[in-house]
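Reading through the structure tokens given below for one structure.
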Amino acid sequence: MKRKVWIITGVAVLAFGGVLSLFEDDSDTAEAKSPKPSATPPTEPAGKPQPAKEAPGPTGIPSPDTTQTEALIRALRTIEPGLVEKQKRAVDRSRNVCQDMKGGKDAATVQSNAKARFEGGAVPSLTDEQAGQIVTAVRSSFCG
């Protein structure tokens, strides 16, 4: 019995919301739908390729292209195969390491942060040497 009451209540709420939307002022919705100016600069002509090393991702953090991603994954796999068990996660963590480097953090902090980012799950612990190798892999693959 309670289940029927919840279903009927839910249907009534949806129907009421639909009726209310019919009475909305169109001037507000037209303004909300108007395109906003983009913060990204226009793209260059096809004849001028952008350097992949400096191509930031949607968050402004440099992001590797396909070739650089393959090199990064190979390098991380040689350090510890578990680092690339989830490749997208490995790339995201590598981008954060790159952000630390580009942000001017000292080498010890970059290495310590890399170790903390990559430990856990399939890799319960890393040595300081492995953390340094991760930083080197990130730098040499796309964040030079």
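The values are calculated or read from the model by the stated rules, or taken from the named source; none is laboratory data. Bear in mind the structure is a predicted one, so any value in this text is a computation, not a measurement. Quick reminder, even Gly has a Cβ in these numbers, built from the backbone with ideal geometry, and neighbours come from all protein chains shown.
For this structure, a couple of remarks:
- Of residues in the range 99-135 being in contact (Cβ under 8 Å) with a residue 12 or more places away in the chain and among the polar types (S, T, N, Q), the one farthest from L83 (Cα to Cα): Q99
- From the list I134, I79, I61, the lone residue that is at pLDDT below 95, surrounded by 12 or more Cβ atoms within 10 Å (Cβ to Cβ) and in contact with a helix residue (DSSP H, G or I) (Cβ under 7 Å, 6 or more places away or on another chain) is I61.
- Number of the exception - M1 against (1) at pLDDT below 95; (2) surrounded by 17 or more Cβ atoms within 10 Å (Cβ to Cβ): (2)
- Scoring N96 on the criteria (1) buried (at least 19 other Cβ atoms within 10 Å of the Cβ); (2) within 16 Å of the chain's Cα centre (by Cα); (3) under 16 Å from L76 (Cβ atoms) leaves a single failure, condition (1).
- Residue within the range 120-131 that is among the charged types (D, E, K, R), buried (at least 19 other Cβ atoms within 10 Å of the Cβ) and closer than 15 Å to A75 by Cα present: no
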